[in-house]
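Before any comments, here is the structure.
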Amino acid sequence: MVFFMLGQDREWARALSQAITNLRDEARACFLCGNITTSEICGVCGDPRRDSSKICVVETQEDCVAMEQAGVYDGLYHVLGGRCSPLEDQEVPRESLERLKSRIAGHSVKEVILALSPRIEGDMTAYAVQDALSGFGENSAFRQPLKLSRLSYGLPVGGSIGYADRMTLHVALESRREMDEES
Ligand SMILES: [Zn+2]
């Protein structure tokens with residue numbers, strides 16, 4: 001990267017340094033979902049075409065960007081900003097869970113989708129969110145049924161059974177689904 005930059009003209013280097021400074025000064029967390037943005041509310045929260053009945057919970061802003069770049073989801077997000085990891089002495093930030101609950105109570109959210117990593121920390125983080133939202137649908141003033149789901153585990157698309165490890169095959173088998181006529 002250094003040699004690439006040395007090959008550019010001085011103006012290019014000045015523009016790059018200014019862009020890095022601006023990024024550090026202007027990037028912040030969205031007031032509602034915690035996604036990265038340069039204004040008070042991020043582009044997803046501010047887009048009226050997004051389906052506000054679904055909230056996808058992710059650990060980090062990077063996870064949120066990855067989901068957006070995949071272009072497969074049309075709902076809103078909630079960035080936890082942490083995960084449950086006893087070995088690293090980390091817990092899911094309580095403030096983030098409270099903010100998630102108030103977002104669900106304040107809007108007609110029907111489903112919370114947990115997009116958490118398929119490893120032990122992801123499992124514990126999922127339980128922490130589930131615990132925070134337990135009985136939420138019935139106890140909230142709106143009494144809306146709240147569906148809690150999690151991304152399924154399995155084999156990578158384009159992958160091969162022969163190269164999959166034992167645990168991946170096990171969870172892929174567990175999360176199998178019935179083939180319908182169209183499949
Ligand atoms: Zn947002």
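The values are calculated or read from the model by the stated rules, or taken from the named source; none is laboratory data. Keep in mind that this is a model prediction, so the values were computed, not measured. Reconstructed Cβ throughout: ideal geometry from the backbone, glycine too, with neighbour counts over all protein chains shown. For the accessible areas, the whole protein counts, side chains as well, though only heavy atoms, and no ligand, DNA or RNA atoms are used. Shrake-Rupley method; radii C 1.70, N 1.55, O 1.52, S 1.80 Å.
Miscellaneous remarks
- Just one residue in the set SER53, SER117, SER85 is modelled with pLDDT under 95, more than 15 Å from the chain's Cα centre (by Cα), closer than 28 Å to MET167 by Cβ and open to solvent by less than 50 Å² (accessible area, probe 1.4 Å); that residue is SER85.
- Unmet requirement for GLY159, which otherwise passes all of (1) assigned to a loop (DSSP other than H, G, I, E, B); (2) open to solvent by 70 Å² or more (accessible area, probe 1.4 Å): (2)
- Subset of segment 85-136 (residues that are of a type in the set (S, T, N, Q) and free of Cβ contacts under 8 Å to residues at least 60 places away in the same chain): SER85, GLN90, SER102, SER108, SER117, GLN130, SER134
- Positions within segment 163-179 being open to solvent by 70 Å² or more (accessible area, probe 1.4 Å), assigned to a helix (DSSP H, G or I) and either aliphatic (A, V, I, L, M) or over 16 Å from ARG150 (Cβ atoms) (or both), in sequence order: TYR163, ARG166, MET167, HIS170, LEU173
- Considering residues of segment 142-156 that are aliphatic (A, V, I, L, M) and open to solvent by 50 Å² or more (accessible area, probe 1.4 Å) only, the residue farthest from ALA105 (Cα to Cα): LEU155
- Residues in segment 1-49 that are touching a strand residue (DSSP E or B) at 6+ places or on another chain (Cβ under 8 Å) and more than 10 Å from the ligand (Cβ to nearest atom): ALA27, ARG28, THR38.
- Where a residue in segment 13-35 is under 16 Å from PRO93 (Cβ atoms) and outside any helix (DSSP H, G or I) and its partner, wherever it lies, is small (Gly, Ala, Ser) and within 16 Å of the ligand (Cβ to nearest atom), with Cβ under 7 Å and at least six apart: GLY34/GLY81; GLY34/SER96
- Residue-level analysis places VAL57 among those that are of a type outside the set (Ser, Thr, Tyr) and within 27 Å of HIS170 (Cα to Cα).
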